[in-house]
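Written below as structure tokens is the structure these notes are about.
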Amino acid sequence: MICFMAWFVAAWSCLLVVVMVSSMRLSRSASSSCGSSCGHGGHGGWGPRSYPVIGCLVAFYRNRRRLLDWYTEMLAASPSQTIVVDRLGARRTVVTANPANVEHILRARFANYPKGKPFTDVLGDLLGMGIFNVDGELWHAQRKLVSHEFSARALRDLEAQVLDEIAATRRARGAGEEGGDDGEGEGLDLDDYRRMRVLHAALCETMRLYPPVAWDSKHAAADDVLPDGTAVGRGDRVTYFQYGMGRMEAIWGADAADFSLDRWLSLPRGGGDGAAAASPAAAAFAGVSPFKYPVFQGGPRTCLGKEMAFVQMKFVASAVLRRFELRPVDEGRTPAFVPLMTAHMAGGLNVTVRRRTPAPATSTATNGTGGELTSS
Ligand code: HEM
């Protein structure tokens, strides 16, 4: 017993010394271009400096409230936009913002990068055995089945149903045909929404900087080497990092941090792959590889609801913005981006809502100059 206690105390003392030494070395080098200590981390790749036993635990703890930006800084400093994060209590994780690596993981070596048991076990209670949470044959069978639900025909049927319901609701409210407040649908059909190029660009640009899914991980089924030379071991977590990719100058140029619609509007219409040419909604995407902009993932597991998501976002944005002007209550405040399973803003965004005065040409409205209310 005494022997065990001595061993226990000695082990913890050693660990404490390692943590303190690591901590001192980290604080000395905190002014590096990574905003923290990074470089060849001693774990077979670029990343936060790692130490025996604890790995990068100290740096990770220090940056725990700003992981997105910390990873982004390290990825930007990495020669190939890939880092390796090794820390006590977690499996070795390769994080990449390199489009060639992302294509390799999501498409070329798709079979080697399932979500993996560490993911599916944790989310099993929440997601069950649904398409989001299974791999292999189970996923393949569901994907085939669900793909029909998301076909162009299914989308059109759904659109007809939704627009019918809106019309019925408006009739019931008495808005009727003579109403100047011409309602949510505004007589637009699916193709009209698909053709809204400026709004499409605004949505793409917003999601470039604030992707609803900020990062997404797979687990390697077998050893592999990524196109940039990073070694991946069986069981390693491999994360493609949408948030960081949206901010990489190596991908978007020196103005990567700026919100710019020109990035999208200057792209040729259609012209890209078959899917882009066939769909007006995808036209603004022409020329932008999903492996450079994996906001909806890419490869065989691409988001099935992408088209529908754009139509829904355009429907809501155009219906609200056409009738109301929204202004942030606190213009100086940048809301904190919270990257949970899907992202949101901490504390929401309080805005002042003001009804727009209808333009004279279309002005048959009776209630054009309504008051203000505050909402979030
Ligand atoms: C802006 C909105 C959306 C974004 C950014 C988005 C993004 C994504 C991402 C990143 C994935 C991959 C997740 C993973 O494999 O871990 C995904 C998968 C998926 N999404 Fe979306 N999504 C959006 C909206 C939608 C909508 C509205 C639907 C359905 C109506 C939908 C249906 C799906 C399905 C079924 C999958 C699973 C595909 C598979 O595993 O084969 N998504 N989405």
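The values are calculated or read from the model by the stated rules, or taken from the named source; none is laboratory data. Only a predicted model underlies this, so the values are computations on that prediction, with no experimental measurement involved. Neighbour counts run over all protein chains shown; Cβ positions are idealised from the backbone, glycine included.
Being more than 11 Å from the ligand (Cβ to nearest atom), of a type outside the set (A, V, I, L, M) and in a helix (DSSP H, G or I) is the filter here; which residues of the stretch 125-142 pass it?
Of everything in the stretch 125-142, those that are more than 11 Å from the ligand (Cβ to nearest atom), of a type outside the set (A, V, I, L, M) and in a helix (DSSP H, G or I) turn out to be Asp125, Gly136, Glu137.
Can you find a residue that is in contact (Cβ under 8 Å) with a residue 24 or more places away in the chain, aliphatic (A, V, I, L, M) and not assigned by TED's automatic domain parsing to the domain that holds Tyr240 anywhere in the stretch 108-120?
yes
So which of Tyr210, Tyr240 ends up being of a type in the set (Ser, Thr, Tyr), surrounded by 22 or more Cβ atoms within 10 Å (Cβ to Cβ) and in contact with a helix residue (DSSP H, G or I) (Cβ under 9 Å, 6 or more places away or on another chain)? So that I can check it myself, show each step before the final result.
Values: Tyr210 fails: surrounded by 22 or more Cβ atoms within 10 Å (Cβ to Cβ).
One residue alone meets the criteria, Tyr240.
In the stretch 213-229, what count of residues is obtained for those that are more than 11 Å from the ligand (Cβ to nearest atom) and crowded, with 19+ Cβ neighbours inside 10 Å? Spell out how you get there, then give the answer.
First pass over the stretch 213-229, keeping only residues more than 11 Å from the ligand (Cβ to nearest atom): 219-229.
Add one more test, that the residue is crowded, with 19+ Cβ neighbours inside 10 Å, and what stays is 219-220, 224, 226.
Residues that pass the stated criteria total 4.
For the stretch 168-182, does any single residue satisfy the condition of being outside any helix (DSSP H, G or I) and modelled with pLDDT of 80 or more? Write out each step before concluding.
Restricting attention to the stretch 168-182, the residues satisfying the condition of being outside any helix (DSSP H, G or I) are 174-182.
If we keep only those that are modelled with pLDDT of 80 or more as well, we get none.
No, there is no match, as no residue in the stretch 168-182 is outside any helix (DSSP H, G or I) and modelled with pLDDT of 80 or more.
Which residues, taken from the stretch 183-229, are under 21 Å from the mean Cα position of the chain (by Cα) and among the hydroxyl-bearing types (Ser, Thr, Tyr)?
Matches in the stretch 183-229: Thr206, Tyr210, Ser217.
Per-residue answers, yes or no, for (1) within 15 Å of Glu159 (Cα to Cα); (2) outside any loop (DSSP other than H, G, I, E, B); (3) assigned by TED's automatic domain parsing to the domain that holds Trp215; (4) touching a strand residue (DSSP E or B) at 6+ places or on another chain (Cβ under 7 Å):
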{"position": "Leu304", "(1), (2), (3), (4)": "no, no, yes, no"}
{"position": "Ala309", "(1), (2), (3), (4)": "yes, yes, yes, no"}
{"position": "Lys314", "(1), (2), (3), (4)": "yes, yes, yes, no"}
{"position": "Ala317", "(1), (2), (3), (4)": "no, yes, yes, no"}
{"position": "Glu325", "(1), (2), (3), (4)": "no, yes, yes, yes"}
{"position": "Arg333", "(1), (2), (3), (4)": "no, no, yes, no"}
{"position": "Val338", "(1), (2), (3), (4)": "no, yes, yes, yes"}
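Between residues in the stretch 124-150 that are within 20 Å of Tyr113 (Cβ to Cβ) and residues that are in a helix (DSSP H, G or I) and among the charged types (D, E, K, R), which pairs lie under 7 Å by C-beta distance while being six or more apart or on different chains?
What qualifies is Ile131/Arg143.
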